[in-house]
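Some notes on the structure that comes next.
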Amino acid sequence: MTRFSCSRRRGRGRRTPGAAMRPTSLSRRRDSSTSVVLSADGCPRLAPGVSFERAADAGPWIAMLDGVPSSRVSEATIELLKAMNGETPIRDLRLRFAAAESSEGFLRLVQRFQVGGLLGGEAKPPPGRIVYRPPFTLQFATLRAPVIFDRLARLIVPIPLRASTLAVAVLVCSGFLAAVHQAEELHEVLTTPVPLVGFISLLAVLSLLTALHESAHGITLTRFGGRPRRAGFMLFYLSPAFFVDVTDGWRLSDRRHRVAVALAGPAVHASVSAIALIVAFMLPPSTLRRTVLLLAVSCAAIVLINLIPFVRFDGYIALMCALDEPNLRARAIRDGSAFLTRALFGGRRTSKSLERWWSVPFGLASFTAPVVLVVVALSRIAQALAGGGPIVGVLVVMLEAAALLTGLVILSRALHRVLVSGVAVLRFVSVTAATAAAIVITGVVITVPVTATFGFAAHGGTVVLLQAGEALETDVPEGAEVVLMSNGLLANDHVGEGVVTSVPPEPRRVPLDALIPVVVDGASVAGVIVAGVDMASERASVPATGQARVGLGARNLWQAIWETGVALPLSSLQSGEVRKE
């Protein structure tokens, strides 16, 4: 019997190709929402733009989608796919090519072809210079990436993979030892404002490192015989970054080479972090040393985030290549979605797209991880910029609104896919309505503490709360508890506590580092004193400026979200007179 498969069964064969395309991914994603349910009477058609090429080093055959590697397939599979002309039923294809295969098994195979984008649909042009990839990616690219990286690869002396891996490992271990010796300094850098010169320098260096990170992917792929297709600049999950499309990595027959391509970028940031820690250890206390330490911490954070396997970051690509499971995330999400659909709406049972026991939990984690990352990022941005005035408040609310709108679009599309998948309409409507009602009721019943964030200044034995702008809409209740925090770029440290005392609003120049975590000697902005603070203990450890969080009491969840996400950031927009004393 001839066995057809474009997926690797445990131990032998090839795994289903697919494509979750991220700027540095090794595969490309097809929109599964256009898929139709196949049956034995269905007549599948090979999708336009599908071609077949031999992989590098006389490796397996590669199914190409619009010139982009998608699937590693056998010659027998190629013959089967070419026979799918839109006129021959699946049952006849089974009798012709795999009569010994069961009808269910052959149908599952054809469904895998469909999931991989090899069947049906209309021809789609390859990605161009400007591409939007939901939910949070907008790319601006050059199509001359192959020429650029070929020249770069010639300029750099090649280093064997094993030697480069060992060098990075030794460097990272040395950096870790340096970090242990500088633990106190690292804590201080994280929790105190950054000098403006150091902050600007940090942003410039991080931007350069992002370009080097992505270039490392492209150069490594070029060294192993691949061709980066596109490269450029993008907005990725609300942050600017460079990118390189190394989808062509599927041409590489050695999975170790594909893993090396995926991890080349994080290796750049890990090496820079280690070098920065070692250099800082040798520098005397100064602004330069603080900046170098902050660079080390930032690079280490970038490495850790990049290695998260549930988002289309480098860690996911490396995992996908190490397991030799193309389209791992999309297939796992499909299994997780099928599980939820069946559990909630009684959908029909379908075969798993990913034949792994952890497919469903991995898919559910892959679905929720981007949401968590965006929420955490927005929360930190809002917290760091709280009290920064009306312009900053409007910017924060606009970011929140964009994230919410994108989330609603994704949710509506998911519900539409469930509805057209064949579930009972009555049950779909009932479960959806009941879930929505439960969410609303839960938000009303659950109460959470609400805090307002202000800046504070300590001078002459007194501590006052400050806000940028000329007026205050938010009421600061007298006697409310206040927690004083340091105003760090990446973290905050508890420095004191007390209660609010009433003072008449008074306009004054507010130190910049009381509002945002950046220090500029002598810099101040227009602001207002909104309240005083009666300290609960000695204020010897309280810094001159910092961040204050005032408890406003308990609210239900929806009120808390509104006040924290909208009302408080926009509180300084209300115009009005500030009484002078």
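Quick note: the coordinates plus some simple rules give every number you see, no bench work behind them. This structure is a prediction, so every number in the text was calculated from the model and none was measured. Backbone-built Cβ (ideal geometry, glycine too); neighbour counts: all protein chains shown.
General remarks:
- FRET efficiency estimate (nearest 0.05) - Cβ-Cβ, Leu304 to Glu75, R0 56 angstrom: 0.85
- Amide hydrogen proximity for Trp61: with H placed 1.01 Å from N in the peptide plane, the residues at 5 or more positions away or on another chain lying under 5 Å are Ala55, Val73.
- Nitroxide proxy distance, nm - points 7 Å out along Cα→Cβ at Leu570 and Arg162: 6.3 nm
- Distance (nanometres) between label positions extended 7 Å along Cα→Cβ at Ala377 and Arg349: 4.0 nm
- A full extension of the chain between Phe97 and Met398 corresponds to an added length of 102.7 nm, given 0.36 nm per residue minus the alpha carbon distance.
- Judged by the mean number of other Cβ atoms found within 10 Å, the most tightly packed of the peptides 542-551, 494-503 leads the ranking 542-551, 494-503.
- Packing-based order for 157-163, 303-309, using average beta carbon neighbours within 10 Å, highest first: 303-309, 157-163
- Going by neighbour counts of Cβ atoms within 10 Å, the residues Lys82, Lys352 line up, fewest first, as Lys82, Lys352.
- Taking 0.36 nm per residue of separation and subtracting the current Cα-Cα distance, fully stretching the chain between Ala434 and Ala414 would add 5.5 nm.
- Put simply, the amide H of Ile529, placed in the peptide plane, has neighbours under 5 Å in Glu506, Arg508, leaving out anything fewer than 5 places away on its chain.
- Using R0 = 45 Å, the C-beta based FRET efficiency linking Ala83 and Ala211 works out to 0.45.
- From the C-alpha gyration tensor of region 332-445, square roots of 5λ in Å: 33, 19, 12
- For region 224-337, diffusion coefficient by Stokes-Einstein and Kirkwood Rh (Cα), 20 °C, 1.002 mPa s, µm²/s: 134 µm²/s
- About the Cα centre, charge dipole magnitude for region 447-573 (Lys/Arg +1, Asp/Glu -1 at Cβ), debye: 140 debye
- Long-range HN-HN contacts of Ala548 with modeled amide H, under 5 Å: Phe454, Gly455, Phe456, Met485
- Two-site label geometry, Val483 and Val444: point separation in nm, points 7 Å out along Cα→Cβ: 3.0 nm
- Relative to the current alpha-carbon distance between Trp357 and His187, full extension at 0.36 nm per residue lengthens the span by 57.1 nm.
- The reciprocal of the average 1/r between distinct C-alpha atoms defines the Kirkwood hydrodynamic radius, which for region 447-573 equals 14.7 Å.
- Computed magnitude of the charge dipole of region 285-369 (debye, nearest 20; Cβ of K, R +1, Cβ of D, E -1): 260 debye
- Cα lying deepest toward the dipole's positive end in region 130-326, options His217, Thr191, His181, charges on Cβ: His217
- Over all pairs of different C-alpha atoms in region 130-326, the reciprocal of the mean inverse distance, the Kirkwood hydrodynamic radius, equals 17.8 Å.
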